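One structure follows; several queries about it will come next.
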Amino acid sequence: MESQVKSLLKNHSLRLTQGRKDVLTTFLDRNVAISHSDIETAMDGKYDRVTIYRTLKSFLDKGLIHKVLDDVGATRYAICSDSCSEAKHQHNHIHFKCQTCNETTCLDDVNIPSVTLPEGFQVTESNFLITGTCAKCA
Ligand SMILES: [Zn+2]
Ligand SMILES: [Zn+2]
Ligand SMILES: [Zn+2]
């Protein structure tokens, strides 16, 4: 885990700090989309809100994590696949929210169906959320 964290930070040109290491470890541990307050709870008071906010922002900017929009409008974050970088996030996968365990996961292998937009419209980001029951809860 430790070496994975180090190489992920290095590959995304992020300097290693204890805060970044701890937050990234939480993401790798959970393997589901997590919110700012989930991270705050996991850190157990070790870092203040602002530090956690800045850490998430730097991860977002460098293509390490992406936003996952929830059906209740809460923002969660999940680890990006290898193809994301500082220049560009490249996501085309669906998010699934389980209404039983409340966990939101990236379905990395399930692509958002392609849509044809009216002329003059341009996509910046797509969000596709499916709610239901996950395999664990079924
Ligand atoms: Zn990404
Ligand atoms: Zn579930
Ligand atoms: Zn995702």
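The values are calculated or read from the model by the stated rules, or taken from the named source; none is laboratory data. These numbers come from a predicted model, not from an experiment. Cβ atoms come from the backbone with ideal geometry, glycine included; neighbour counts cover every protein chain shown. Remember, those area values only see protein heavy atoms, side chains included, never the ligands or the DNA or RNA. Shrake-Rupley method; radii C 1.70, N 1.55, O 1.52, S 1.80 Å.
Look at the range 85-115 and say how many of its residues are in contact with a Lys or Arg (Cβ under 9 Å, 6 or more places away or on another chain), within 17 Å of L60 (Cβ to Cβ) and of a type in the set (D, E, K, R).
Result for the range 85-115: 1.
Could you go through the range 60-69 and let me know if any residue there is in contact with a Cys (Cβ under 8 Å, 6 or more places away or on another chain) and of a type in the set (V, I, T).
Within the range 60-69, one or more residues are in contact with a Cys (Cβ under 8 Å, 6 or more places away or on another chain) and of a type in the set (V, I, T).
Quick one: how many residues across the range 29-62 are within 19 Å of E2 (Cα to Cα), within 16 Å of ligand 3 (Cβ to nearest atom) and either open to solvent by 40 Å² or more (accessible area, probe 1.4 Å) or of a type in the set (D, E, K, R) (or both)?
2
I'm told H95 meets every condition in (1) without any contact (Cβ under 8 Å) to a residue 12 or more places away in the chain; (2) within 16 Å of ligand 1 (Cβ to nearest atom) except one. Can you identify the failing condition by its number?
With (1) without any contact (Cβ under 8 Å) to a residue 12 or more places away in the chain; (2) within 16 Å of ligand 1 (Cβ to nearest atom) applied to H95, the lone miss is (1).
Could you check, for the range 63-73, whether at least one of its residues is open to solvent by 20 Å² or more (accessible area, probe 1.4 Å) and within 16 Å of ligand 1 (Cβ to nearest atom)?
yes
Anything in the range 93-114 that is more than 16 Å from ligand 2 (Cβ to nearest atom) and either open to solvent by less than 80 Å² (accessible area, probe 1.4 Å) or modelled with pLDDT under 90 (or both)? List them, or say none.
Result: H93, V110, I112, P113, S114.
Do you know which residues across the range 72-91 are among the charged types (D, E, K, R) and assigned to a strand (DSSP E or B)?
Matches in the range 72-91: R76 only.
Sticking with this one: For the range 39-48, give me each residue that is part of a helix (DSSP H, G or I) and touching a residue at least 12 places away in the same chain (Cβ under 8 Å).
Residues satisfying the conditions are I39, E40, A42, M43.
Look at the range 115-138 and say how many of its residues are within 16 Å of ligand 2 (Cβ to nearest atom) and more than 21 Å from the chain's Cα centre (by Cα).
2
Okay, next question. State which residue pairs qualify: first residue in a loop (DSSP other than H, G, I, E, B) and inside the range 121-138, second residue open to solvent by less than 60 Å² (accessible area, probe 1.4 Å) and away from ligand 3 (no atom under 15 Å from the Cβ) in any location, beta carbons under 7 Å apart, and separation of 6 or more residues or different chains.
C134/C101; K136/C101; C137/C101
Can you name the number of the only condition in (1) closer than 17 Å to L24 by Cα; (2) free of Cβ contacts under 8 Å to residues at least 40 places away in the same chain; (3) part of a loop (DSSP other than H, G, I, E, B); (4) of a type in the set (S, T, N, Q) that T51 fails?
Result: T51 passes all but (3).
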